[in-house]
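The values are calculated or read from the model by the stated rules, or taken from the named source; none is laboratory data. Note that this is a predicted model, so its numbers are computed, not measured. Positions of Cβ are generated from backbone atoms using ideal geometry, with glycine treated the same way; all protein chains shown enter the neighbour counts. The area values use the complete protein model at the heavy-atom level, side chains included, leaving out ligands, DNA and RNA. Shrake-Rupley method; radii C 1.70, N 1.55, O 1.52, S 1.80 Å.
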Amino acid sequence: MSETIRQRKDTNKDDANKQVNDIVDDTSKGKDTSDTIISKNSVYSKIPGNVLLKLIVFSIMAITVPLMTFFYGLETYGSTVSGIMAACSANVVLVMYIVVAFLEED
C-alpha cells in the first residue's frame, strides 16, 4: 500500500514539474502566462465575488436567525413553540437563498 502512495506522490510531482516547465517555456517564448498559474491552481478564481458574498451572508443568517428566533420564542411562548419557530425560520432562510440563487443572472 505504501508503494502505491509513493507512486502517486511521484506522479503528482512529475505532473506539477511538467506544468511548471510548460509555463516557463511559454514565458520564454514571449507568451503571457500570468492567468495560467491562477486558473490551474485556484478554484476560487472561477467563482465570482458576489456569489461568495451571498453564500457567506446566507450562511451567517442560517445560523443566527433560528437561534435568535428560538431564544425570543423561549421567553415568550415556551420551548416547544420556540423550537417550531426556529425550524420554520431556518426553512425561510433556506428558501430565501434558493430564490436569490435562481434570480441571479449568469
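Listed residues Glu104, Glu75; which is at pLDDT below 95 and within 19 Å of the chain's Cα centre (by Cα)? Residue meeting the stated conditions: Glu104.
When segment 78-98 is limited to residues that are within 27 Å of the chain's Cα centre (by Cα) and among the β-branched types (Val, Ile, Thr), the one that is surrounded by the most Cβ atoms within 10 Å (Cβ to Cβ) turns out to be Val93. Just one of the listed residues (Ser59, Ser89) is part of a helix (DSSP H, G or I), modelled with pLDDT of 60 or more and touching a Pro at 6+ places or on another chain (Cβ under 7 Å), namely Ser89. Val65 passes every criterion in (1) modelled with pLDDT under 85; (2) assigned to a helix (DSSP H, G or I); (3) open to solvent by less than 90 Å² (accessible area, probe 1.4 Å) apart from (1). Scanning segment 44-59 for residues being open to solvent by 80 Å² or more (accessible area, probe 1.4 Å) and over 20 Å from Leu103 (Cβ atoms) gives a total of 2.
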